[in-house]
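Report on one structure; see the data block that follows.
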Amino acid sequence: MTASKSPLVPPHAELSIAEAFVLLSVEWPVKADALIAWSDSDFALAGALLMDLAFLGKVDSDLDDLIILEREPALHQEQPLALRMLGRFGRSVRLDIALNELVTRIGDLRLATLAALAGREIRLTSSSPLSWDFHQASFRGLRVRATVSLRQTLKKLVESEELPLSEQAALISLLWACDIAGPVLGGRACKTWLARNAARLEAIRRMDLVGRAVADAVAVMRRRLRTYLLDADTEKAPPSAKSKSKSPSVNYSRSKTTWEWRAFWPEGEVVELPAAWGNIGQDSDREEELLEDSYLFVRGKKDNVKIRGKGLKIKLVVEAFDDFIAFAPSAKFRFPRDMAPLARLFPRLYEVRGELRSTDELIEIMSATGYQPSVLKVSKARRVHGMTFGVQIEFARIEVDGRVFHSISMESPYLTALRILARNIPVGAGQVAGYSDFLDGIVRKQLA
């Protein structure tokens, strides 16, 4: 497929499909279920980025697979983030796998797209400080002239017999796949407009092979996730962030297996939270909690072990999946105590007989049996907020080994809800890691 150089939105400089999609999607009708709305937008933007790579000649596609044409960037050219993310695959990859890969960092990709629009003097969001180095993005609420121009261009195209550009056909295919062609182009009378132009919309979306293939894959991915979320929503879920209850820190309970996602940034690295999280800023004056914790870190173990008084507080890892870790409910271990309970966590201790009397004795025995234990003291100031679908989020300022970091931690018994919310955070130069991997990096720097 040969890339067209004609602009999507005259008289503006040429917009990418991703930029055009973000421009149009800002004014989506508000949906009752925020998780479904966010997941819809995530997969659609990932699809738009794949379409852009196709029009740039970086990838190609048939109805099932994405073929990666550019393996290395041209000299003195920066490779697009979306293409760098696909670099770990071989010559080709299934479209649904490629979409899922891009969606894992959709927060970074969306932020880059908004920045590209801002570079064209189309600013859709503003930013305000929230806590520490965390900022809250919010939509400006202004009627953007470029959005009106783009909508009118596409609407006239659908209502005429004019042959669309390949990019226009691909964008319309994406709007169709997301079930928003009617609301975006037809306005308040969207049902009537859709019925009147259904045949023309179907014809346009079939004109471009790559656009159709990507849009069809987006539609499938959306249906899969939507089915899961609707089924899960029939369960008795915790109150959403939209409810009047602000609960999480008092009422939130780790009474069952809980999934966690964490990211860390060095002090001074500004983290811009998604505009869809605008409600977080409404209680930014939530009381700050100060904590002093000593972590018993053991190389190669992901379990979370804190030294508390004359004992330990332990969260055992049940499963690790991509950037997410499932922990069992917290358990307490008080000294003196026989070795058996800890031997389930540290199997080499089965060889040791007798009773443990203190943490210091435990560390000596662990070292003797070949473990590499370390104790790291962590000072933390944090604020905790409740979000939708039983997700709790913690913003924190952490001081460890004389250095300061900022951290976001999210946890929920609902993995899918957590994945949707976490992937919208622009990680940028941060590190996505559990506490054990984060502390491992600190210890390695100490030993270097």
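The values are calculated or read from the model by the stated rules, or taken from the named source; none is laboratory data. Fair warning: this is a prediction, and the values are worked out from it, not measured in the lab. Here Cβ is always computed from backbone atoms with ideal geometry, including for glycine, and neighbour counts include all displayed protein chains. The protein model used for the area step is the full one, side chains on, heavy atoms only, and it has no ligands, DNA or RNA in it. Shrake-Rupley method; radii C 1.70, N 1.55, O 1.52, S 1.80 Å.
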Answer rounded, prolate or oblate for the range 86-212, using the Cα gyration tensor with square roots of eigenvalues a ≥ b ≥ c: rounded when a/c is under 1.5, else prolate when a/b is larger than b/c, else oblate. oblate
Keeping all protein chains in place, calculate the accessible area per residue for the range 137-211 (probe 1.4 angstrom), answer in Å². 51
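Express the carbon and sulfur contribution to the solvent-accessible surface of the range 342-386 as a percent, rounded to the nearest whole number, probe 1.4 angstrom.
On the way: 1070 of 2470 Å².
Solvent-exposed carbon and sulfur of the range 342-386 make up 43 percent of the total.
Of the peptides 382-395, 428-441, how do they stack up when ordered by the mean number of other Cβ atoms within 10 Å, highest first?
The packing order, highest mean first, is 382-395, 428-441.
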Search the structure for amide H atoms under 5 Å from the amide H of residue 69, placed 1.01 Å from N in the peptide plane, and list their residues when 5 or more places away or on another chain. 59, 60
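In the structure displayed, which of 256/445; 58/445; 58/191; 256/306; 58/301 lie more than 31 Å apart, Cα to Cα?
256/445; 58/445; 58/191; 58/301
Counting only C-alpha contacts under 8 Å and six or more residues apart, can you give the relative contact order of the range 119-206 as a whole percent? The partial results should precede the final answer.
Values: 62 pairs, mean separation 20.7, N = 88.
The value is 24 percent.
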Just to confirm a number: summing +1 for Lys and Arg and -1 for Asp and Glu over residues other than residue 112 whose beta-carbon lies under 15 angstrom from that of residue 112, what do you get? 0
Please say if the range 371-426 is rounded, prolate or oblate, where rounded means a/c under 1.5 for a ≥ b ≥ c the square roots of the C-alpha gyration tensor eigenvalues, and otherwise the choice is prolate for a/b larger than b/c and oblate otherwise? prolate
Give me the percent relative contact order of the range 270-352, please, defined on Cα pairs under 8 angstrom at least 6 residues apart. 16
With an 8 Å Cα cut-off and a minimum separation of 6 or more residues, compute the relative contact order for the range 254-407 in percent. 27
So, how do all the Cα-to-Cα distances of the range 309-445 break down into 10 Å bins, in percent, from 0 on up? 9, 33, 34, 20, 4
